[in-house]
Amino acid sequence: MQPLPPELKGFDGLVSLSSSFGFGETVAEDEAMMRAYHEMLRPGGKMAMELSDLERSRYRLKTDEGVVERETNGVKETLDVNFTTGMLHVHYVFGDDVVDSRIRMYEAEDLERMAVEAGFREIEHYGNFAGGPKRPEDRLVLVGTA
């Protein structure tokens, strides 16, 4: 992700879906991305992020080791979560094709803190886009106002 030129700033809303956050090499890079989200919005603009948080990963993986192997529709998938660092490594194999993905996941409280430090206010979090409460099995929906 690169900073937007000035003519592309001042949006009314920003939506980040399906764990499109946490790809920075460091936490500092993720924090910079949150600041960039804030800078893209006009004052009063809304940000909505929908992503897996560490609470959901602990619930879904149901293991303290953080390693799960499974196969769906011929795709072999290995998920390896380090719950201390929040790093998730997913290794996919489909025939001869191999894809590796790494993403940093956060606790909801850490994302809220990051959003506040980036300049967002009125931070709320939900378990879905209908505004339902966040349960361990739900993806996190984080909403903030620029």
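Each residue of region 121-137 is assigned a 3J(HN,Hα), and the resulting list reads 9, 6, 6, 9, 9, 9, x, 6, 6, 7, x, x, x, 6, 10, x, 7 Hz, derived from the Karplus form 6.51 cos²θ - 1.76 cosθ + 1.60 (θ = phi - 60°), x at Gly and Pro.
Quick one: with all protein chains in place, what share of the accessible area of region 16-135 is carbon or sulfur, to the nearest percent (1.4 Å probe)? Kindly include the intermediate steps, with their values, before the conclusion.
Numbers: 3480 of 6970 Å².
Percent of accessible area from carbon and sulfur atoms in region 16-135: 50.
Each Cα pair under 8 Å and six or more residues apart adds its separation to the average, and for region 63-113 the resulting relative contact order is 25 percent.
Let me check against my output: what whole-number percent is the relative contact order of region 19-123, with C-alpha pairs under 8 Å and at least 6 apart? Provide the component values of the computation, followed by the final result.
Values: 128 pairs, mean separation 27.5, N = 105.
Averaging sequence separation for qualifying contacts and normalising by length gives 26 percent for region 19-123.
Beta-bridge orientation, the chain: approximately 85 percent antiparallel, per DSSP, counting only bridges with both partners inside.
Projecting label points 7 angstrom from Cα along Cα→Cβ for V99 and T85 puts them 2.3 nm apart. If you work out Rg and Dmax of the Cα atoms in Å from the coordinates, which of (i) 17.0, 49; (ii) 16.4, 49; (iii) 14.2, 45 do you get? Only one option fits the structure, namely (ii).
For the peptides 128-136, 39-47, the ranking by packing is 39-47, 128-136, with the highest mean count of neighbouring Cβ atoms within 10 Å listed first.
Across the chain, how many lysine pairs, 8 or more positions apart or on different chains, have C-alpha atoms separated by under 28 Å? Please give the number. Before the final figure, lay out each step's value.
Details: K9/K46; K46/K134; K62/K76; K62/K134.
For the chain, qualifying lysine pairs total 4.
Can you tell me the dipole magnitude for the chain around its Cα centre, using point charges on the Cβ only (Lys, Arg +1; Asp, Glu -1), in Debye to the nearest 20? If you can, show how the numbers build up before the last one.
On the way: 17 positive and 28 negative charges, 88 e Å.
Its charge dipole is roughly 420 debye.
Taking label points 7 Å from Cα along the Cα-to-Cβ direction, A32 and K9 give a separation of 1.6 nm.
The values are calculated or read from the model by the stated rules, or taken from the named source; none is laboratory data. All values reported here derive from a predicted model rather than from experimental measurement. Please note: Cβ atoms are built from the backbone with ideal geometry, for glycine as well, and neighbour counts cover all protein chains shown. Side chains are part of the model used for accessible areas, which takes the heavy atoms of the whole protein and leaves out ligands, DNA and RNA. Shrake-Rupley method; radii C 1.70, N 1.55, O 1.52, S 1.80 Å.
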